[in-house]
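Undergrad: Sharing a structure below in structure tokens format, with a few things to ask.
The values are calculated or read from the model by the stated rules, or taken from the named source; none is laboratory data. Quick caveat: nothing in here was measured; it's all calculated off a predicted structure. Cβ sites come from the backbone with ideal geometry, for glycine too, and all protein chains shown count toward neighbours. The area values use the complete protein model at the heavy-atom level, side chains included, leaving out ligands, DNA and RNA. Shrake-Rupley method; radii C 1.70, N 1.55, O 1.52, S 1.80 Å.
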Amino acid sequence: FPIECLLVDADDNVITEVSGYGDRTSPGQTIAWELSGSQIEAAINAGAISTECISIASLDGSASSSGSSSGASVEGELTSVGRSGFVTYDSLGETRASVGVEVTNNSDEDLFFTEVTFNVLDSGGAPVATESSYLDVIPAGETVIAGGRVSTDLTDSLPVTVEITVFAEEDSFFETEWAYMEIGPEVEISTDGFRPSVTGTLTNPTDQPVDL
């Protein structure tokens, strides 16, 4: 199940996102987790000092985190984009990007398998890379965190901007039971190891095991 964290600065601006997956968790069990990635150091250099994290787990294991959906897509009406931010960083001599964004479900029904597209534009407005990620569930009326990694080398396209588009469907065959995992109480940006990471704890508040 995914753990998603926004990295934010002192003014509550989103710098980027970091994410990973929690280990199998028994009912009532608390586990430790750690998220890592080159974007964390870049975010710290850009002023990130704290995190906002969320974890929503599928309880029956039927939700998918990859693939494609079918049927008509609805843009903007069912969802809205909130705070967002991105950083660029060096990776093996190439320039990559990491994007973080808040996505809100404006409807009174849960939305499943929502696609979030990140379109990277150069200084002239021409698209140079496009990546997508998928949200297993956005609870009705709630806001969740989405992130994207741009694998295209952006070195020759800097400076860049990022357009974010959300495609959601009212009806989906990916519907599943879900539950919020309890994050915290303490989540830290750690710089003690080989590379910076985000660490914390998570508790399964349900009466059943939660797996990937």
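Undergrad: Relative contact order of the chain: what whole-number percent is it, with Cα pairs under 8 angstrom and at least 6 residues apart?
TA: 31 percent.
Undergrad: Tell me the per residue accessible area of the chain using a 1.4 Å probe; a whole number in Å² is fine.
TA: In whole numbers, the chain has 48 Å² accessible per residue.
Undergrad: While we're on this one: Rounding to the nearest 20 debye, state how big the charge dipole of the chain is about its Cα centre with +1 on each Lys and Arg Cβ and -1 on each Asp and Glu Cβ.
TA: 600 debye
Undergrad: Calculated from DSSP H runs of 4 or more alone, at -39500 (n - 2.57) each and per residue, what is the 222 nm mean residue ellipticity of the chain, nearest 500?
TA: Value at 222 nm, helices only, nearest 500: -1000 deg cm²/dmol.
Undergrad: Then there's this: Give me the percent of the accessible area of the range 99-202 that comes from carbon and sulfur atoms, probe 1.4 Å, all protein chains in place.
TA: Carbon with sulfur: 44 percent of the solvent-accessible area.
Undergrad: With just the Cα atoms of the range 81-158, tell me how far they stretch along each of the three principal axes, in Å, largest first.
TA: Principal-axis extents of the Cα atoms in the range 81-158, largest first: 44, 26, 18 Å.
Undergrad: Considering all projection directions equally, how large on average is the shadow of the alpha-carbon convex hull of the chain, in square nanometres?
TA: Computing the convex hull of the Cα atoms and averaging its projections yields 12.2 nm².
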